[in-house]
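Below is one structure, written out as structure tokens; the observations come after it.
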Amino acid sequence: MNYGQPMIVMGCIILLIALYVFIVRWVLRINDIIFYLDKINEKLARMEQSKEPPQE
């Protein structure tokens with residue numbers, strides 16, 4: 001019986017799980033960045049609306 005093949009399969013499975021976890025964390029980090037950029041955009045829009053026109 002060949003004992004090397006199950007180890008290779010287990011190694012590939014562990015590698016794929018690690019890659020999946022890395023990709024999920026990366027996507028969630030980008031999602032957080034987009035969330036904060038959206039909040040900054042909303043705040044800037046409110047500041048622009050509340051700004052009074054210049055007095056001449």
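Could you state the angle between the C-alpha long axis of helix 4-50 and the longest principal axis of the C-alpha atoms of the chain, as a value from 0 to 90 degrees rounded to the nearest 10?
Relative to the chain, helix 4-50 is tipped by roughly 0 degrees.
I'm checking a number: the convex hull volume of the Cα atoms of the chain, normalised per residue, in Å³. What is it?
38
So, in nm, how far is label Ile17 from label Tyr36 when the simple model puts each one 7 Å beyond its Cα toward the Cβ?
Each label point lies 7 Å from its Cα, and together they span 3.1 nm.
Give the calculated FRET efficiency between Arg29 and Val9 to the nearest 0.05, with a Förster radius of 22 Å applied to their Cβ-Cβ distance.
0.10
Counting helices only, and only those DSSP H runs with n ≥ 4, report the 222 nm mean residue ellipticity of the chain as the sum of -39,500 (n - 2.57) divided by its residues, in deg cm²/dmol to the nearest 500.
It comes out at -31500 deg cm²/dmol, rounded to the nearest 500.
No value in this document is a laboratory result; all are computed from the given coordinates. All of these numbers come straight from a predicted model, not from anything done at the bench. For neighbour counting, all protein chains shown are included, and Cβ atoms are generated from backbone atoms with ideal geometry for every residue, glycine included.
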